[in-house]
Structures are given as structure tokens and as C-alpha cells.
Amino acid sequence: MSFDWSLIWDNFPILLQGAVITIQITVMAVGCGFFIGMIAALANLSRFKIIRLLVKCYVELFRGTPLLVQIFMIYFALPMVIGQSINPYVAAVTACSINSGAYVSEIFRAGIQSIDKGQMEAGRSLGLTWAQTMRYIVMPQAFKAIIPPLGNEFIAMMKDTSLVSVIGFEELTRRGQLIIARTYGSFEIWTAVAIIYLVMTLSISQLVAFLERRYNIK
Amino acid sequence: MIKMIDVHKSFGKNEVLKGINLHVERGEVVVIIGPSGSGKSTVLRCMNYLEEPTSGDVIVDGMNLNNKENINNVRAEVGMVFQRFNLFPHMTVLDNITLAPQKIRKSSKADAEKIALELLEKVGLKDKAQAYPEQLSGGQQQRVAIARALAMKPKVMLFDEPTSALDPEMVSEVLDVMKELANEGMTMVVVTHEMGFAKEVGTRVLFVDEGRILEEGTPVDVFEHPKNERTQLFLSKIL
């Protein structure tokens, strides 16, 4: 079997465009997921049981079902309920964000819990409110603690975005499929796709390692 | 200054405080002693509602802490020093001290820093303003913690076993700062095992055991003529 390099070179620009879309959707999903997760984690500290219960339901639901199913639910099932079709881009970002938020909220929860209780007590004893103590004292320390697991989530989400190809959304994986449908170059194109993913995830690893050094995480 | 009226506190089924009544006057240095698990730290932590009593009233400077709106106001007036220092590790010493005055008293950064540097000088750590807590020894950290509490210009200072987590050679540097505060007339409530400190600067000593104040009086009364059997037993073990 021969490896046809020209197949890769000819289609490389198309794959790179797909990679850019993969990056876009990943950054948006992780960005939104970050805020959803942070809010969910803070809500989980509420003294109201009903709010904690809602957060728990959210986390269990989106962690306990496949992302693929969630994408189908949002793209195919939700429009039947609301009577309006959903743009695949919106569906893809929404599904990935909500899914990522569930994981990130657990990361935040662990990060907040890892901060000594005495920090909250010291802040409150000075007269700071709960929110001020969270903002100035607990969260900055929790952020540092969660950089490594957050990096993992970023990498996992980048790979998981390949699932949105099933709703015809043309990110990297879908572009690969389309090229192969035209050229039958499975071996060459999947190899190229895999390497592009690898380059992107390794870049994130490097970024996380840089942040860890910068914030001096032991 | 601080009044506690029939304060009870339970953790689950475990009743830790069984009716505490006490009155701390302005300028007093009240030392609370007692065996571990006696509830003495809980008494202190109820004074600024870090622990909310199960029942009873805590009134600080005329403000009843039953009213939730008073809690943050009272805490701003009541400084607290912890056994484990609880400095903020992600901030410099200077930022540790200036955070609360800026956020609560709305002091300008420059004013807050000026006061912080004065306080650091007072506790002998002016050269450590830009250091991070982890670069300091335990005794230095505790002195920063005292400066942090003082920056809010509190009317009362609460000390929760401030020297218990320190290496022996660092105890005196912290006690010296506390003695200086007492001599300046600061109202203080101190939970401690340092009987020498209690004798020297305490105006009143309370012996707490099993959630009750079993004995109180001047240091001479309590240390030299303890009336309660349990006080006698406790003192015989530690003196």
C-alpha cells in the first residue's frame, strides 16, 4: 500500500479551516462552560437545599449521559418542542458548553473545597461578606488549584467536539469525512486529522504547563 | 463591651456550650482557660458569630448579633487572631493587611498602606511588607495576623490559642506584642494555655469546662486559690 502525500497536501487547507472551527467551538464551549461551571459550583454552596439539588441534577444529567445524545437532543428533539429549527453552530456550542459546565462545576467544587476553611473564617472575621471573601480570598486560590484539571477538561472538550460532526457541522473531523468520501484516502486523511488534533492538544498542554509555572503551582 | 446571655451551642446532638453568661468590660483582658474540648474556643467564636449559638444572646458594643444585619458590623469592630494564623497565602503581607480596610472602611490604598506600615513597625516586621506569608516563620505570620486584625481599628481583639501552633522559641515574640496591646488599653479576650501571660496581663481569668464557666476571678484568685475541684485538678496538671 502506498501513502499518497499529495492527497494530504491538496486537502490541507480544507482541514486547517476545519481545525480553526474546532478551535472556535472548543474555546467557546470551554469559555461558556467555565462560567456555567463557576456559577453552578457557587450555587452548590447555597444554604438552600433546593438550589443544591438543582445543581446536582444538572451535573448528574449532563455527566451521566453521552455528549452525542445531548447533541441529538438539542439539535433534533428540542426543535420539536419549541417548533423552530436550531442552527447547527448554536446547537453544537450549546451542547458542548452545557456538557463542559457540568464537569467544570465539579472541578470548581473540588478547588473551592481544597481551600482551608480558615481562609473563609479569616475573611469573615474581618467583616468581609461571604461574596467578598469568595471573590478576593477563596476564588483566587481555587483558580490556581484548578488550572491543571481545567487544562484536562480543555483537551477533552477539544477532542469531544468531533462529535458535533454528526449534525453535519463542518469542523475538523467532518471535513476529513467529506474529503474521504470524495477521494477514498482514509489512511492519509485520518492520519492528517489525527496529527492536527495532536498538535492542538499538545499546544494546550504547553499552555497549561506555562500557567502552572507562572502561578507557581507545586 | 461584650455580653453573652445564656448562650447554648450544640453541634448535632453534642451540646458544647451549656449556658454561658459573661460580660467583658472595656479595657479588660479576659483570659479563658480550660481543658481541650471544654468549649473555650467555641465561647470565643460565638463572640463574633463564626459559630452561631443555638440559643441565647450575644451583644457586642450594644449590637445584638441575633439581628443578622449587625453581624458584619460587629465583625468589623472585633479583631480575631487564629491558632493557625490564616493569612491569605496569595497576597503579600501588605495586601493581607490592607484588604479589609479598603473593602469595608473604603480607605484609599495609600491610607490603608500607611496604617499597615505603622502596624508592621509596631509588630517589628516593617521590612516584611512585600513578603508572602510562606516566606515568614510562624511567629512572624502570627504577628502579621495581629497587624491585619488591628488595621480595622477594632474595639476588641479575640485571640484563639494564638501561640499553640508555634515553635517554643517563637511564643514570646507573639506574647510580647499582645502584652503591648494590653498595656495600651485594648479590650482583649484570649483563649490560651500560656499561664504566665494570663497571670501577667490578665485582668480576669475564666475557667471553662464541659461547656460552662466553672470559676472566674482575678488571676491571683483563680491560680492561687481555686475553689472549684475541677479548676484545681486542671491547674495541678499544667502548672
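The values are calculated or read from the model by the stated rules, or taken from the named source; none is laboratory data. All values derive from a computational prediction rather than experimental measurement. Positions of Cβ are generated from backbone atoms using ideal geometry, with glycine treated the same way; all protein chains shown enter the neighbour counts. Heavy atoms of the whole protein, side chains included, go into the accessibility calculation; ligands, DNA and RNA do not. Shrake-Rupley method; radii C 1.70, N 1.55, O 1.52, S 1.80 Å.
Using DSSP H assignments, which helices in chain A have an axial alpha-carbon span of 15 Å or above and a mean Kyte-Doolittle hydropathy of 0.5 or higher?
Working: long enough: A:5-43 (54 Å, 1.58); A:49-64 (22 Å, 0.76); A:88-113 (37 Å, 0.67); A:139-160 (29 Å, 0.32); A:172-183 (16 Å, -0.03); A:186-214 (42 Å, 1.14).
TM-like helix candidates: A:5-43, A:49-64, A:88-113, A:186-214.
Sorted by accessible area with a 1.4 angstrom probe, largest first, how do A:81, B:171, A:27, B:24 fall? Each step should come with its number before you reach the end.
Working: A:81 120, B:171 20, A:27 80, B:24 0 Å².
The ordering from most to least exposed comes out as A:81, A:27, B:171, B:24.
So if we plug the beta-carbon distance of residue B:167 and residue A:114 into 1/(1 + (r/R0)^6) with R0 = 30 Å, what FRET efficiency do we get, rounded to 0.05?
Details: r = 26 Å, r/R0 = 0.88.
Result of the calculation: an efficiency of 0.70.
So, counting K/R as plus one and D/E as minus one, what does the shell of residues with Cβ under 15 Å around residue A:14 add up to?
Numbers: positive: A:174, A:175, A:182; negative: A:10, A:170, A:171, A:188.
Result for the neighbourhood of residue A:14: -1.
Scattering from the C-alpha atoms of segment B:22-178 alone, worked out with Debye: what is log10 I(q)/I(0) at q = 0.10, 0.11 1/Å?
With one equal scatterer per Cα and no solvent, log10 I(q)/I(0) is -0.37, -0.45.
Taking each residue in B:78-91, count the Cβ atoms of any other chain within 10 Å of its Cβ, then average. What number comes out?
5
Cut-off 12 Å, label point 7 angstrom out along Cα-to-Cβ of residue B:26: give me the residues of segment B:50-68 whose amide nitrogen falls inside.
Residues passing the 12 Å test: B:61-62.
For the pairing of chain A with chain B, what total accessible surface becomes buried, with a 1.4 angstrom probe, in square angstrom to the nearest 100? Can you show the working numbers first?
On the way: alone 12420 and 11060 Å², together 21740 Å².
Answer for the A-B pair: about 1700 Å² buried.
With equal scatterers on the alpha carbons only and no solvent term, can you work out the Debye log10 of I(q)/I(0) for segment A:5-215 at 0.08, 0.11, 0.16, 0.19 1/Å?
Debye output, listed in q order: -0.36, -0.63, -1.08, -1.30.
Using the heavy atoms of the protein chains alone and a 1.4 angstrom probe, what is the accessible area of the protein assembly as shown per residue in square angstrom? Intermediate results must be reported in sequence, preceding the final value.
Details: 21740 Å² over 457 residues.
Per-residue value: 48 Å².
Counting only other chains, and only Cβ atoms inside 10 Å, what mean value do you get across the residues of A:111-124? Before the final figure, lay out the partial values.
Working: counts 0, 0, 0, 0, 1, 3, 1, 6, 5, 2, 9, 14, 6, 7.
If you average over the peptide's residues, the count of other-chain Cβ atoms is 4.
Roughly how many Å is it from the Cα centre of segment B:66-119 to that of segment B:138-206, as a whole number?
Answer, in whole Å: 17.
Can you pull a Stokes-Einstein diffusion coefficient for the protein assembly as shown at 25 °C (0.890 mPa s), Rh from Kirkwood over Cα pairs, as a whole number of µm²/s?
Numbers: Rh = 26.0 Å.
This corresponds to a translational diffusion coefficient of 94 µm²/s.
Quantify, in whole percent, the carbon and sulfur part of the accessible surface of segment B:121-239 (1.4 Å probe; protein heavy atoms only).
Values: 2400 of 5310 Å².
C and S atoms contribute 45 percent here.
If I take R0 = 41 Å and measure r between the Cβ atoms of residue B:183 and residue B:6 in this structure, what FRET efficiency does the formula 1/(1 + (r/R0)^6) give, to the nearest 0.05? Please report the intermediate quantities before stating the final value.
Working: r = 33 Å, r/R0 = 0.82.
Once the sixth-power term is evaluated, E becomes 0.75.
Starting from the coordinates of the alpha-carbon atoms of segment A:113-217, obtain the Kirkwood hydrodynamic radius over all distinct pairs and give the value in Å to one decimal. Walk me through the numbers on the way to the answer.
Details: mean 1/r = 0.0588 Å⁻¹.
Result for segment A:113-217 stands at 17.0 Å.
Need one number: nm distance between label points at residue B:105 and residue A:209, each 7 Å from Cα along Cα→Cβ, rounded to one decimal.
Output for this residue pair reads 4.8 nm.
Summarise the accessible area of segment A:74-218 (1.4 Å probe, protein heavy atoms) by the percent that is carbon and sulfur.
Details: 4330 of 7000 Å².
That fraction is 62 percent.
Identify the residues of segment B:212-233 with backbone N under 13 Å of a label point that sits 7 angstrom from the Cα of residue B:199 along the Cα-to-Cβ direction, or state none.
Hits in segment B:212-233 for residue B:199 at 13 Å: B:219-225.
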